[in-house]
Amino acid sequence: MLRIAERVAFRVGGVMKSIELEKVYNPKEFEGKIYSAWVDSGCFKPVDKGGEPFTVVMPPPNVTGILHMGHALNNMLQDTLIRYHRMTGRPTLWVPGTDHAGIATQNVVERQLAREGLKRQDLGREKFLERTWEVKERHHDIIVKQLKTIGCSCDWSRERFTMDEGLSRAVKETFVTLYNRGLVYKGEYLVNYCPHCGTALADDEVEHQTDAGHLWHVNYPFADGTVFNGKNYITVATTRPETMFGDVAVAVNPDDERYKSIVGKKLILPLVNREIPIIADSFVGIEFGTGMVKITPAHDPNDWECGKRHGLEAINILNPDGTLNDVCPTEFRGLPAEEARFRVADALSDGGFLLKTEDYTHEVGHCYRCGTTVEPYLSKQWFVKMKPLAEKALSAWRAGEVRFYPKRWENTYSSWLENIRDWCISRQLWWGHRIPVWYCQKCGHMNVSVDEVHECESCGSTDLKQDPDVLDTWFSSWLWPFSTLGWPDETSDMKRFFPTSALVTAYDIIFFWVSRMIMASLEFTGKAPFRDIYITGLVRDKQGRKMSKSLGNGIDPIEVVELYGSDAMKFTLCYLAAQGQDVLIDMDSFRLGSRFANKIWNATRFLLMNLEGRNLVPVERESLSVFDKWIYDSLNRNIMTVRHAVENYKFNEAAAAIYDFFWNDFCDWYVEIAKQRLRSGDDAECDRLASILMDILRESMAMMHPFLSFVTEEIWSRLPGTEGFVISSSYPVWREEREAPAERSLVESLQSIVRSVRGIRAEMGLPADVKMRLVVRLDRKGEVAEFVKSNKNLLGTLAGSGEILVDDEGTADVAGAFPASGAGYEVFAFVRDVVNVEKEIPRLEKELKKAEDDLAATLRKLSNPAFLSGAKAEAVEKERRKQAEFEEKISKARAHIEVLKSF
RNA sequence: GGCGAUGUAGCUCAGCGGGAGAGCCCCUGCCUUACACGCAGGUUGUCGCAGGUUCAAACCCUGCCGUCGUCACCA
């Protein structure tokens, strides 16, 4: 990268020298250096030029590990947005940060300890937390390094961590405020409990899987010897016989005619000989199983609700570690539930209580962090009352304050909010925000306070104990968009950058995170935290499978950078990131971006080589040739396409437009044409052309910068006439004066002729050194004819032909020449000796057939009175034009076939 | 079971009311004064199936089939 001073010297030096670029595009040479230069010059910080700010807060990666491809996709798309908006002149802020990821991080540390044969209790809370902070620091450093490696232009001076002092204060503030508003409460409820992690989980932290299990049919005898249907017992079916020790009733549906007579009777619970009643409750399905359900309020959510309705006791049969407790008969105490299940079944069988055992697959909840089967478990926990919060989030969405891209995710969002249940926020973990509640050991009062309490506010006792639990990790994440900007303080960042503009995240955390952020933000700031929500697809392998450690199909983003460079990765991901679509990739996919970056590099190299002896001049619109106007028109169109695409989160459309413009229009046509013009020997013309080439190249770099940040910056630094960094330059704008439809049409005609001639060459297999004599017959006189005539040399170069006659009178002798045709022209190549008639006639016949089919379709429409009266005028007009075109094609093709047959 | 997505060239996918597209792959020539990570040319499709709406449907509607994702307390 050249320093700015050197570049200025190029500019004022008058006559240019050739600027040499290394022969090979080697991103490793400059990506690191450029990133440092950006950071050093502070260009990731917002610059206030007066416009409306554009703000994004980065979804904070968990400090449990390192970044995967999903993070790379996410952050690279954000970077593209950020760079684009920054270049449009808006004060642009991207806030980076990381998440402490409570349970996940704690698990990482506990796994480490386990390898040393230790448990967290062996270390004690303080030592354990020290160790966790070390893990956090280590992963944090790796994550930051990775984000820098992939080029994220976030403002590192504003980096945050969910357990920072400021954010911790925000968490406490939130908890206390919600408590005071009656939206946080403590209560004894049946919660999801992971015996492995030793903590309660929220409903959405439970993943349901289909597990193979059994359905045991167990007989419960009547207590009073009642005989019912010829038996002195009834049968219930259960998937979890071990929970029978917690049974307090058997329920039937009140409308179940079969059992009306036995409701109220007592049964004997086998193995423990406890009496339980038969009750009627409408939640019982008449159709399912025997129509009888054992009721275990402490271990099943339905039974819990049912028990509450009937005032039944909840008997907890489990220890916190998932083993059976002292309520159970001695022989089962201490056994893990899973093992106890079979032992109890055996015991039931031995006692003659087991009627039968069936195989049964059903949905079972598992911990989303460790995969252990989750137990419904009765315990005292803290909850957030969600309904009032959800209402606000729903109305904000209905009012259009948040918008999803793609829109369909709104269903996911709204249906979750509409069916919301209270959120269990206490976790029996050590890593996280300690619940800001102090229990008075004397009077039992709960002191809820942001600041540490030393004296009970009720009785004044100093004997206080803080709640040992911590808060769910999402209880800090849901504040992220404003806690990172300094809330609850009224900071200048809050005033300036909140609410933020866009959120980019994956769909798997819409519930966990997106909707909760909206709820928290509305509750505490009164505003939606962001306007646009762009939901990315998931990164998958080429077979469409999720990338995972266990499958070993993951791709390390850093390896991609090593192999292809950050630009190649970002461009490829953008190119593949169709809105709402998953991104299927393998390592080779990134060759797309790599090839493109290489193309840009080499095109630049070529153009810079040609600066030798040139004197760069201002580009005057009036002096532009048809080709010049055409390329500016192309650039102009693409600028509009890209701007529109980025502003609507259509990254793939933007990337495709860039690719198409730079590779096809610019390199394959404009630069190829320029090559010939540069050989003219006319210094003034060459100076002008070199200036235009530099102009287009410079503007292209700016246009492409959000997508290929490093290579465009590197090239920018080598181009004459550039100042500063491209990252801080202005995004190109569409300009009306650049529109050139007439010139576009002329160039397209010429392109079409060139392609026809090339087609003939290729079909004939003509060696490069054989120059064909050509007649180009134009159907109409006028501009096109003049244009082709004045570009005969160019046509010859591009198409590889010798002497060319442009015939707009239709008089040239073309006897024996090989024909080809397109709209408005025919070309005749004098290549009789090498024509392969056998091969060519079928090809032309195929063309003819296609044209005939097209014509037939067009005629069908035009002969349909309904079409003529019902269709828009333009549509009818277009069909007429098509008719003429197809007829022309047909007549030419027929003639050409005759010509060939005569050979 | 509810909801949603998706089915277009061998592969990955754009297009979403008026002439079937891209990239990769494949085939044929070319190391043409940047790029073989290249240049030029070419092949390839009952646009899942069946109905309907419309002058016109890959595109809108309905049903079906396939695939995937999500939510859901049925013992």
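Quick look at the numbers
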| item | result |
| --- | --- |
| Per-residue Cβ neighbour rank within 10 angstrom, fewest leading, A:Cys306, A:Cys667 | A:Cys667, A:Cys306 |
| Pairwise centroid distance, computed over Cα atoms, of region A:21-65 with region A:319-395, Å | 50 Å |
| Euclidean distance of C-alpha centroids, region A:707-733 and region A:747-770, integer Å | 37 Å |
| Within straight-line cross-link reach of A:Lys119, aspartates and glutamates at Cα separation under 16 Å, skipping those fewer than 8 residues along the same chain | A:Glu110, A:Glu130, A:Asp321 |
| Computed [θ] at 222 nm, deg cm²/dmol, chain A (DSSP H ≥ 4; -39,500 (n - 2.57); rounded to nearest 500) | -13500 deg cm²/dmol |
| Partners for A:Lys495 among aspartates and glutamates (Cα-Cα distance below 16 Å; same-chain residues under 8 apart left out) | A:Asp48, A:Glu52 |
| For region A:474-481, 3J(HN,Hα) per residue [Karplus equation, 6.51 cos²θ - 1.76 cosθ + 1.60, θ = phi - 60°, Hz, x = Gly/Pro] | 6, 6, 9, 5, 6, 9, 3, x |
| Of the GluC sites (Glu not before Pro) in region A:20-56, those whose Cβ has at most 16 other Cβ within 10 Å and which sit in DSSP loop | A:Glu20, A:Glu22 |
| Cα centroid of region A:413-433 to Cα centroid of region A:519-595, whole Å | 27 Å |
| Percent antiparallel among DSSP beta bridges (both partners in region A:173-303, rounded to 5) | 85 percent |
| Over region A:575-626, volume per residue of the alpha carbon convex hull, in Å³ | 146 Å³ |
| Cross-link reach list, lysines versus A:Lys260, counting only Cα pairs under 28 Å and skipping chain neighbours closer than eight places | A:Lys231, A:Lys294, A:Lys308, A:Lys356 |
| Distance histogram for region A:272-318 (every C-alpha pair counted, 10 angstrom bins, percent rounded to whole numbers) | 25, 55, 20, 0 |
| Paired Rg and Dmax values of region A:202-360, which use every Cα atom, in angstrom | 15.3, 47 |
| ³J(HN,Hα) computed for each position of region A:525-535 - Karplus, 6.51 cos²θ - 1.76 cosθ + 1.60, integer Hz, glycine/proline x | 10, x, 10, 5, x, 7, 9, 9, 10, 9, 9 |
| Under the Debye formula (equal points on every Cα, no solvent term), log10 I(q)/I(0) of chain A at q = 0.08 Å⁻¹ | -0.90 |
| Pairs from A:Lys28/A:Lys675; A:Lys792/A:Lys889; A:Lys148/A:Lys172 whose Cα-Cα separation, in the structure shown, is over 28 Å | A:Lys28/A:Lys675; A:Lys148/A:Lys172 |
| Contact order relative to length of region A:759-824, as percent, for alpha carbon pairs under 8 angstrom and 6 or more apart | 42 percent |
| Unsatisfied cross-links (Cα-Cα over 21 Å) in the set A:Lys570/A:Lys650; A:Lys49/A:Lys527; A:Lys136/A:Lys546; A:Lys781/A:Lys901; A:Lys599/A:Lys650; A:Lys33/A:Lys136 | A:Lys49/A:Lys527; A:Lys136/A:Lys546; A:Lys781/A:Lys901; A:Lys599/A:Lys650; A:Lys33/A:Lys136 |
| Beta bridge orientation in chain A: antiparallel %, DSSP, nearest 5 | 70 percent |
| Prolate/oblate/rounded label for region A:304-411 (Cα gyration tensor, a/c 1.5) | prolate |
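Throughout, read-outs are computed from the coordinates displayed, never taken from laboratory work. Computed from a predicted model, the values in this text were never measured in an experiment. Ideal geometry is used to build each Cβ from the backbone, glycine not excepted, and the neighbour counts take in all protein chains shown.
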